[in-house]
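To keep things clear, I will list the structure first and then write my remarks on it.
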Amino acid sequence: MMLQGMAGTGGTNMISRYIVINALLFVPFAVFQLFKFRKILSVIFLVTIIMVNFIWCYYFPQSFRADTIETGTLLKTQIEKSANKDEKIYFEEIEGYYDVFAVQTLSNNPSKFVLGNFPSMQTEEKKSKKKKNQLSVEELNILDIKSFFEKNKISIAVVKSDSYVEKLRKMNLKNEEIGEYKIFYLKNIESNVNDSSITIFSKNVPPLEKTPDLVNFNKTIALIDIRIDNSNFGFNPQTVTLEWSAVNKNVLDSIDYENFDFDRYNAVINISAIENDSVVYSESRRIFSDRNIEDLISYNSVKNIIVLKPFAVIFYSKRMNIYSFESGVYNLSLKVYDSKTKKDLMVYKGINLYRPESASVKDSSIIRGSDSLKIKLKEPNVKKDSILYSYNLGNIIAMFPNTNVEKLVKKTNVNFYRIITQNGLQVFFSQRYQGDNFLNFVFNYF
């Protein structure tokens, strides 16, 4: 019990907490007995437990989405860089969402945040002023937002609502998207990009002839890493994290910033039915932004986090959601859409067109168990002369509340059991909260 409790694993919340409480009561006696028996063994034993827990803190999953963690880390960096200690960060607080606490904690400076829903704040101010000929709540405009930001000394605004995003974009602010969060910089960001850094960037772009196995789109940008949220062992993945690198020295010119800003290249994740390949849900995010373009130039690496909202809302909000598709086994695929040519980019492997190698049905095999998984891909058989515009990422299970599991199993047959078994075996190597999530599925549906 002591080992189980101190390692942080366990069954349901009730059982695991019971184990932890009992284990803590026995710790002094256990340590005393160990020292009395063999001091060397006891020291090795205690150091091992401490090291295991220390490693788990960094390499095992946390209970918040990848985009929440990335946003909190980014804000921490911006706070540390800021010379003006009076500057604040506006964070749009939406009823039913709990992510604000994680972002504040990760930023390491919760006092910097101005929270709330902007229209509500503005309404209260207008009621107190009681002036004539003022705008109604529905007619909130850019001037209202500007005056609010100036009054509260806001330097960064983190918003989610589409209405806010449209207004802030009209203010021509530098911005970027991290998953569901839209981050706007009200003050100029210091840039380290100069002529010499661009020259170095062109030297760091690897030639495709030397990387024949690198999957890329139109010989312009390459996909160097994929991570699919695995905090629920294949059920309802909330995020897909993509890491890109340039494989063309002229990629900066191809963005065509003057005409398209950073909206030319967009990563598109499609969820499609495995029976007929019909797309049931699609999510798109632009690949480049004002900030990560510097990462591209400096390190030739850019990260995107795409949130799969039908699954994310189950865990992140109390709000009811009308699901756009049924529970079942679905396929994930990735495309890159070019807004300039209005076409999807072709998939290459090195300098050649991408050719799936296996004749079997595509699947994803997990390399390690954590909140995100790296995948080995087995591709479906296609004709040699076919051109692919999408890259297959593997199969997932969508399981929404009130799902009839018997019908689901009959519908998906072998795929359901294979995925749940493959991912469920990792419960023995997971952190406690992750095991709880998986066992909750088992207890609720089986």
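The values are calculated or read from the model by the stated rules, or taken from the named source; none is laboratory data. No experiment lies behind these values; they were computed from the predicted model shown. Cβ coordinates were reconstructed from backbone atoms using ideal geometry, including for glycine residues, and neighbour counts include every protein chain displayed.
Of note:
- Note on segment 155-171: residues that are over 15 Å from Ile142 (Cα atoms) and without any contact (Cβ under 8 Å) to a residue 24 or more places away in the chain amount to 0.
- Flag for Glu258 being on the phi < 0 side of the Ramachandran plot, at pLDDT 90 or above and outside the structural domain of Thr73 (by TED's automatic domain parsing): no
- In the condition set (1) aliphatic (A, V, I, L, M); (2) in contact with a Ser or Thr (Cβ under 6 Å, 6 or more places away or on another chain); (3) in a helix (DSSP H, G or I), Ile224 is compliant with all but (3).
- Qualifying residue in segment 316-328 (condition: buried (at least 20 other Cβ atoms within 10 Å of the Cβ) and at pLDDT 85 or above): no
- The single condition among (1) under 21 Å from the mean Cα position of the chain (by Cα); (2) farther than 16 Å from Ser298 by Cα that Trp244 does not meet is (2).
- Filtering segment 286-309 to residues that are over 26 Å from Lys203 (Cβ atoms) and buried (at least 20 other Cβ atoms within 10 Å of the Cβ) leaves Ile305, Ile306, Val307, Leu308.
- Residues that are over 15 Å from Lys309 (Cα atoms) and part of a strand (DSSP E or B), drawn from segment 227-236: Arg227
- Which numbered condition Thr211 fails, given (1) modelled with pLDDT of 85 or more; (2) surrounded by fewer than 14 Cβ atoms within 10 Å (Cβ to Cβ); (3) more than 26 Å from Asp263 (Cβ to Cβ): (2)
- Pick from segment 267-288, criterion under 30 Å from Ser301 (Cα atoms) and part of a loop (DSSP other than H, G, I, E, B), ranking: farthest from the chain's Cα centre (by Cα): Phe288
- Matching residues in segment 223-266 - criterion: being of a type in the set (S, T, N, Q) and farther than 17 Å from Ile419 by Cα: Thr239, Thr241, Ser245, Asn248, Asn250, Ser254, Asn259, Asn266
- For Ser128, the stated conditions do not hold, so it cannot be described as under 19 Å from Asp295 (Cα atoms), of a type in the set (S, T, N, Q), at pLDDT below 85 and loosely packed, with under 15 Cβ neighbours inside 10 Å.
- Pair list, Cβ < 8 Å and 6+ apart or interchain, from segment 273-285 residues that are surrounded by fewer than 12 Cβ atoms within 10 Å (Cβ to Cβ) to residues that are of a type in the set (Ser, Thr, Tyr): Ser278/Ser272
- Residue match in segment 237-258 (condition: under 19 Å from Pro310 (Cα atoms), surrounded by 21 or more Cβ atoms within 10 Å (Cβ to Cβ) and among the polar types (S, T, N, Q)): yes
- Restricting attention to segment 101-111 and to residues that are under 25 Å from Ser163 (Cβ atoms) and under 16 Å from the mean Cα position of the chain (by Cα), the residue that is modelled with the highest pLDDT turns out to be Val103.
- Single residue of Thr220, Thr239 found to be in contact with a Gly (Cβ under 8 Å, 6 or more places away or on another chain), within 24 Å of Asn175 (Cα to Cα), touching a residue at least 40 places away in the same chain (Cβ under 8 Å) and of a type outside the set (Phe, Trp, Tyr): Thr239
- Being touching a residue at least 12 places away in the same chain (Cβ under 8 Å) and either farther than 19 Å from Arg285 by Cβ or assigned by TED's automatic domain parsing to the domain that holds Gln104 (or both) is true of Leu186.
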